[in-house]
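Encoded as structure tokens, the structure appears first; notes follow it.
The values are calculated or read from the model by the stated rules, or taken from the named source; none is laboratory data. These numbers were taken from a predicted model, which means no experiment stands behind them. Using ideal geometry, Cβ is built from the backbone for each residue, glycine included, and neighbour counts are taken over all protein chains shown.
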Amino acid sequence: MELATKSKMFCGCPADHFGKEPNSVTCPVCLGLPGALPVPNKKAVEWTILLGLALGCTISEESKFDRKHYFYPDLPKGYQISQYDQPLAINGKLGNIRIRRVHLEEDTGKLQHQGNDTFVDFNRSGVPLAEIVTEPDFRSVDEVDLFVKKLQQMVRYLGISGADMEKGSMRIEPSISMTNSSKLPKYRVEIKNINSFKFARNAIAYEIERQTEMLKRGETPTQQTRGFVESKGITVAQREKEEAHDYRYFPEPDIPPMRWESSQLSAISRLLPELPDLKRERFMSEYGLSEYDAGQLVETRQRAEYFESCISEKTSPKIIANWIINKKIDLEKVTPAQLLDQIVQSTQSTSVSDDELGKIIKQILAENNKAVEDYKNWKEQALGFLVGQVLRQIKGKGEAQAISVIIRRLIQRR
Amino acid sequence: MESNCCYCSIVKLLPMTIDIKSLTIIQALEGMRNKKFTAVDLVQGCLANINKYNDDYHVLLTVVDEAVLLTKAKEIDKTDYSLPLSGIPIVLKDLFSTDGLRTTAGSRVLEGYTPVYDATVVAKLKSAGAIIIGKANQDAWAHGSTGENSDFTPTGNAYNKDYAAGGSSSGSAVAVALGMCLAAAGTDTGGSIRVPASWNNLVGFKPTYGRVSRYGIIAMASSLDSIGHITKDVADSAYMLSITAGKDPFDATTGGDPIGRFVPSRMTLKGVRIGVAPEYLGVGKKATKGMHPDLEERIEASLAALEKLGATIVQISLPYTDVALETYYILCPSEVSSNLGRYDGVRYGNGRESFGAEAKRRIMIGTYSLSSGYYDAYYKTAQKVRSLVIADFVQAFEEVDVVFAPVTPGPAPKLGEYADDPISVYLSDIYTVPVNLAGLPAIALPSGFVDGLPVGIQLIGPQWSEEKLFSIGNAYELRTNNRR
Amino acid sequence: MKQSSLTSNDIDHISTLAHLFLTDDEKSLFAIQLSAILDFISKLQKVSTTNIEPTSQITGLQNVFREDEIDTSRMLSQKQALANAPATYKGYFQVKAIFGE
């Protein structure tokens, strides 16, 4: 997850690099100039801890950064500052899926290929990334889909990332292996270049099939990294580099380690908002909503909070829920107060009582003698006219059919 | 103003003879403030020495344009010299990033590199009114103890240009000794300030690790690099530190309380306990096939001087001295191999084929020590032994105020003497590297001559004890008057 | 770890990891020199380090951070960022060929 901090992970450059001129959002630190040094962004660390807490993780009492070495043009220092053996958070759970760890690192620059040339833009270099690694607990594509959507919702609830796959602020790298037994297979295939939930499903589904076919033929799939090719819906092997796996991790000497007092962790956990599952339960019990309705309302934190701002004695939570869920209200344009007004008005108007209606109809008939006479003389349009007059009077809050029935009863035709 | 014009014309008739080689910063400030001479005079004095010596001694790789220097000096001459380093000509080791001024790290990889920013220390010196005269030659990437690993012609010793200047801050030391500047900034990762200072009869200061910001200084070994300076005397050294020291928001490893103005306070060393370790005076013999006998004599004389000043010499033990060198030569190349990973020729510099042989060796050793299967046996083990070396000093400082040690096993060798023998050069670091492993401050002080070449001794203090080192060093300096 | 004679395979492997493209002469010379250096530093294996904690940091500092604020004072213009690059194209750094591919 790209964390939505104001500044980058190890320097004060703006983290927002979207749509900027290439290499215009850099400084000696994120450009990896000789002599530059990293200083960690406090908020990025706090948000990663927050994410760990939200995922039910244990926050490591002692944590540090490490250098992860490899050579690539988009990696300015020749190493990425990441976390190796002492990540910020470990051992959590989301739904049925166990979370192995949550750690913090910096993003690389962006490469673009054109023919034989490669171009690099370092605007993105140094943006903070929170990496979440699960245990191999998924047994189907559906489980993965459910999990990533839940994770996205969680992260958005915390307000720490846009978590948008199309924009690249959320990226997933599934690792897939197939087995007949209950033991984990010895190989793992990692899939890269997945840019949407749909592509994730396709890639995983393809890969499951590919591996299953191989195993049926008695072949063991090779441990490798494969890239998803959107246009063909398949995965292809990326060039194998055995050395690429020797990252030569060692503790980052330029950054002192982190040690947390329980008071500090308590302070951070107080920043935790009510999370979706709990909120849904509460909406069901407190407002008497159905699981479906409650689920819809807690879809986003914005919607849930909007809903609760509307709660008033003037109307019932169920009606408000109904409006928000079914009537596609633009939460940006209509304030809760305005929505409440609309609801109140419409419920009032829709309950024009029968007595009220009867009075209005008699009044209209009394005021429109000519039309009444016309109708008595079998002129059908006159009925339409009279119904229209009634509807105008009650501001459309009535049923034309019902009104015409009442009028016909009242007028004796010759 | 008319009076100025008069003054100038008088100056033209009688050439100003400031002997930059013997002038200290303190004296220079006094001289300017008392209108005895001007900043322009200082710059011109330095430039004269640069013109005289640079071609033969290969001291400075880059000299700032004369017109620029004179303009700067003239601006300063318009002020009342109130800034702490007003008009003081300073040379910087070529590891210091200087905005708009070429910075090579002594390497062909960066021979065309011009930084677009100033290191924190550079900014501080500039804000203090200092005039940056030029960038000093050095062992490439600070890899070396003699100066001979420069990718350019190595610097010659100020006392005999056929001999090594010491490294890796070779040009920094010789620039001060030959009057090309009044002080020079350097780095000390395993002795790189203390060795060249000692071999050129100067005071070399290595502060506590984290005392001075490393931001903007091309990194050698991140957990060992210390940013210091070379001056003619202790008072200047303390003065420079008061400008460069300080916690820096751009360097997460800096700390320490502000440094006050050094006031020489001791005329005696009564009550001061000075530790001497047999491992230092014994090991040198084993490691390098004997310490130079005349150096032994100078060391004895230095200790005697300290005793005469009233200090008590205490026998201590530093048992892990024996393996400190090996520890250093695993940790240092490992961090080097990592720090040199950014030189890929994409954003700056020439490609990696331009690295010199020593750089390549260190990168290879470092990569090996960090690699899968070897990390535990090499890097991690070295980190553990480092803890033991640190503990040695912690123990020692329970018993003594400072530790006394030689700087090198002998005076400067002839240039080329160690050409194909990198290990012999490593072995000569025996006295200096433990200090870096423990992150301690140390001061190297002139201690006479051996075979016509200067030698030094060093005093090592606990972390953050710079003031104590200046105080004791100052007393020693006055007593021995070794800078003749 | 007594064995410290580096084979040419070792040299190849290390130099690839280190992204150093050595000449054959360099490889031979380094095989000898580096083996000697490794012998020298392998002496460390004899030191007893059971129960000794490794030292990564000597300052004793911890929890050093910066606030999440934008700092414009160090930001570089595109021109400055590209100032020392051997090859650029429309604001990008140009890499002639992807390393090793």
Original post:
If you go through region B:201-219 one residue at a time, do you hit one that is at pLDDT 95 or above, under 16 Å from B:Leu60 (Cβ atoms) and crowded, with 24+ Cβ neighbours inside 10 Å?
Top reply: no
Subject >> Which numbered condition A:Ile319 misses (of (1) modelled with pLDDT under 90; (2) of a type in the set (A, V, I, L, M); (3) within 22 Å of the chain's Cα centre (by Cα)) >> reply: (3)
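From the list A:Pro73, A:Pro28, A:Pro14, A:Pro38, which one is farther than 17 Å from A:Val102 by Cα and more than 9 Å from chain C (Cβ to nearest Cβ)? Lay out the reasoning, then the answer.
Numbers: A:Pro73 fails: more than 9 Å from chain C (Cβ to nearest Cβ); A:Pro28 fails: more than 9 Å from chain C (Cβ to nearest Cβ); A:Pro14 fails: more than 9 Å from chain C (Cβ to nearest Cβ).
From the options A:Pro73, A:Pro28, A:Pro14, A:Pro38, the qualifying one is A:Pro38.
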Subject >> Evaluation of B:Ser22 against (1) at pLDDT 95 or above; (2) surrounded by fewer than 20 Cβ atoms within 10 Å (Cβ to Cβ) (one fails), failing number >> reply: (1)
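Quick grid of which residues meet (1) over 22 Å from the mean Cα position of the chain (by Cα); (2) under 17 Å from B:Ile330 (Cα atoms); (3) more than 14 Å from chain A (Cβ to nearest Cβ); (4) among the aromatic types (Phe, Trp, Tyr):
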residue	(1), (2), (3), (4)
C:Ser8	no, no, yes, no
C:Phe21	no, no, no, yes
C:Ser28	no, no, yes, no
C:Asp39	no, yes, yes, no
C:Lys46	yes, yes, yes, no
C:Leu61	yes, no, no, no
C:Val64	yes, no, no, no
C:Gln78	yes, no, no, no
Subject >> Among residues of region B:109-137, those that are within 14 Å of another protein chain (Cβ to nearest Cβ), of a type outside the set (A, V, I, L, M) and either under 20 Å from A:Pro28 (Cα atoms) or in contact with a helix residue (DSSP H, G or I) (Cβ under 6 Å, 6 or more places away or on another chain) (or both), counted >> reply: 8
**OP:** For A:Lys110, indicate whether it is surrounded by fewer than 22 Cβ atoms within 10 Å (Cβ to Cβ) and in contact with a Phe, Trp or Tyr (Cβ under 9 Å, 6 or more places away or on another chain).
**Re:** yes
Subject >> Leading residue by the ranking (farthest from A:Thr335 (Cα to Cα)) among those in region A:281-316 that are without any contact (Cβ under 8 Å) to a residue 24 or more places away in the chain and assigned to a loop (DSSP other than H, G, I, E, B) >> reply: A:Ser290
Original post:
How many residues are surrounded by 15 or more Cβ atoms within 10 Å (Cβ to Cβ) and either modelled with pLDDT under 95 or among the β-branched types (Val, Ile, Thr) (or both) if we restrict to region B:46-74?
Top reply: 5
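Identify all residues within region C:1-39 that are among the aromatic types (Phe, Trp, Tyr) and buried (at least 18 other Cβ atoms within 10 Å of the Cβ); write none if there are none. Break it down into steps so the answer makes sense when it comes.
In the first step, residues of region C:1-39 are kept if they are among the aromatic types (Phe, Trp, Tyr); the result is C:21, C:30.
Answer for region C:1-39, where residues must be among the aromatic types (Phe, Trp, Tyr) and buried (at least 18 other Cβ atoms within 10 Å of the Cβ): just C:Phe30.
Quick one: in region A:251-271, of everything that is in a loop (DSSP other than H, G, I, E, B) and modelled with pLDDT of 95 or more, which residue is surrounded by the fewest Cβ atoms within 10 Å (Cβ to Cβ)? Can you show your working first?
Looking only at region A:251-271, we keep the residues that are in a loop (DSSP other than H, G, I, E, B), and these are A:252-257, A:260-261, A:270-271.
In the following step, the residues that additionally are modelled with pLDDT of 95 or more were identified as A:252-257.
Values: A:Glu252: 26, A:Pro253: 23, A:Asp254: 24, A:Ile255: 24, A:Pro256: 23, A:Pro257: 17.
This residue is A:Pro257.
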**OP:** Could you pull out every one of the helices (runs of 4 or more DSSP H) wholly within region B:253-347 that has 3 or more residues that are within 14 Å of chain A (Cβ to nearest Cβ) and within 30 Å of A:Arg248 (Cα to Cα)?
**Re:** B:321-339
**OP:** Show the residue pairs that are 6+ apart or on different chains and have beta-carbon atoms under 8 Å apart, the first residue being within region A:318-335 and among the aromatic types (Phe, Trp, Tyr), the second being in a loop (DSSP other than H, G, I, E, B).
**Re:** A:Trp323/A:Ile329
Subject >> Single unsatisfied condition, B:Gly351 versus (1) touching an Asp or Glu at 6+ places or on another chain (Cβ under 6 Å); (2) at the interface with chain C (Cβ under 10 Å from one of its Cβ atoms) >> reply: (1)
Original post:
Taking region A:50-80 as the search range and keeping residues that are under 18 Å from A:Ala267 (Cβ atoms) and hydroxyl-bearing (Ser, Thr, Tyr), which one is surrounded by the fewest Cβ atoms within 10 Å (Cβ to Cβ)?
Top reply: A:Thr58
**OP:** Please go through region B:123-139 and pick out each residue that is of a type in the set (A, V, I, L, M, F, W, C) and over 15 Å from the mean Cα position of the chain (by Cα).
**Re:** B:Ala123, B:Leu125, B:Ala128, B:Ala130, B:Ile131, B:Ile132, B:Ile133
Subject >> Yes/no for C:Ser56 being closer than 30 Å to A:Pro76 by Cβ and part of a loop (DSSP other than H, G, I, E, B) >> reply: yes
